[in-house]
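Below: one structure, written as structure tokens.
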Amino acid sequence: MGRVLSMAERRVDGAAREEYLATLASRRAAAATAQAHFWVFEHASDRGRFVEFTEAASDDAIALSRGHDAPESLWREVQGG
């Protein structure tokens, strides 16, 4: 079975940045509970611009891990390791 990936870009202003970063551990834990992986990257030269990745074995696991923040689109693995 192939893997499923969702991506979301977030813009976080300076005043909200620390609060956003503080939510990431609980979001990663929620993903782990749903048997999904969750990563967040911040743009190297554009502070406050983030991209979030959630990866799992199924659409349902992605939806469960993201809760109310359901992804707009999903990507399906075509070749993996």
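Is it the case that some residue within region 49-62 is out of contact with any Lys or Arg (no Cβ under 8 Å at 6 or more places or on another chain) and among the charged types (D, E, K, R)?
Going residue by residue through region 49-62, those that are out of contact with any Lys or Arg (no Cβ under 8 Å at 6 or more places or on another chain) are 53, 58-62.
Now drop any that are not among the charged types (D, E, K, R), which leaves 59-60.
Yes, the conditions are met somewhere in region 49-62.
If Gly2 meets every condition in (1) touching a residue at least 60 places away in the same chain (Cβ under 8 Å); (2) assigned to a strand (DSSP E or B) apart from one, which number is that one?
Against the list (1) touching a residue at least 60 places away in the same chain (Cβ under 8 Å); (2) assigned to a strand (DSSP E or B), Gly2 comes up short only on (2).
How many residues does region 44-63 contain that are among the polar types (S, T, N, Q) and either surrounded by fewer than 17 Cβ atoms within 10 Å (Cβ to Cβ) or out of contact with any strand residue (DSSP E or B) (no Cβ under 7 Å at 6 or more places or on another chain) (or both)? Before the answer, list the steps.
Initially, region 44-63 is screened for residues among the polar types (S, T, N, Q), giving 45, 54, 58.
Among the residues that remain, those that are also either surrounded by fewer than 17 Cβ atoms within 10 Å (Cβ to Cβ) or out of contact with any strand residue (DSSP E or B) (no Cβ under 7 Å at 6 or more places or on another chain) (or both) are: 45, 58.
Counting residues in region 44-63 that are among the polar types (S, T, N, Q) and either surrounded by fewer than 17 Cβ atoms within 10 Å (Cβ to Cβ) or out of contact with any strand residue (DSSP E or B) (no Cβ under 7 Å at 6 or more places or on another chain) (or both) gives 2.
Note down all Cβ pairs under 6 Å where the first residue falls in region 34-49 and is more than 22 Å from Ala15 (Cβ to Cβ), the second is of a type in the set (A, V, I, L, M) and surrounded by 12 or more Cβ atoms within 10 Å (Cβ to Cβ), and they're at least six residues apart or on different chains.
Taking only residues 6 or more apart or on different chains, the pairs are Ala34/Ala61; Ala34/Leu64; Gln35/Ala61; Ala36/Ala56; Ala36/Ala61; Phe38/Ala31.
Taking the stated definitions as given, is Val51 more than 15 Å from Arg3 (Cβ to Cβ) and either at pLDDT 90 or above or out of contact with any Cys (no Cβ under 8 Å at 6 or more places or on another chain) (or both)?
Numbers: more than 15 Å from Arg3 (Cβ to Cβ): yes; either at pLDDT 90 or above or out of contact with any Cys (no Cβ under 8 Å at 6 or more places or on another chain) (or both): yes.
So Val51 fits the description; yes.
Does region 33-43 contain any residue that is buried (at least 17 other Cβ atoms within 10 Å of the Cβ) and not in a strand (DSSP E or B)?
Yes, because at least one residue in region 33-43 is buried (at least 17 other Cβ atoms within 10 Å of the Cβ) and not in a strand (DSSP E or B).
Can you spot a residue in region 65-74 that is surrounded by 10 or more Cβ atoms within 10 Å (Cβ to Cβ) and assigned to a helix (DSSP H, G or I)?
yes
Could you please find all residues in region 1-35 being on the phi > 0 side of the Ramachandran plot and hydroxyl-bearing (Ser, Thr, Tyr)?
none
How many residues are in a helix (DSSP H, G or I), among the hydrophobic types (A, V, I, L, M, F, W, C) and either free of Cβ contacts under 8 Å to residues at least 24 places away in the same chain or in contact with an Asp or Glu (Cβ under 8 Å, 6 or more places away or on another chain) (or both) when one looks only at region 13-31? Before the answer, list the steps.
In the first step, residues of region 13-31 are kept if they are in a helix (DSSP H, G or I); the result is 17-31.
From the residues that got through so far, the ones that are among the hydrophobic types (A, V, I, L, M, F, W, C) too are 21-22, 24-25, 29-31.
Still in the running and either free of Cβ contacts under 8 Å to residues at least 24 places away in the same chain or in contact with an Asp or Glu (Cβ under 8 Å, 6 or more places away or on another chain) (or both): 21-22, 24-25, 29.
Result for region 13-31: 5.
The values are calculated or read from the model by the stated rules, or taken from the named source; none is laboratory data. Every value quoted in this text rests on a predicted model; they were computed, and no experiment measured them. FYI the Cβ positions are ideal-geometry reconstructions off the backbone, even for glycines, and counts take in every protein chain you see.
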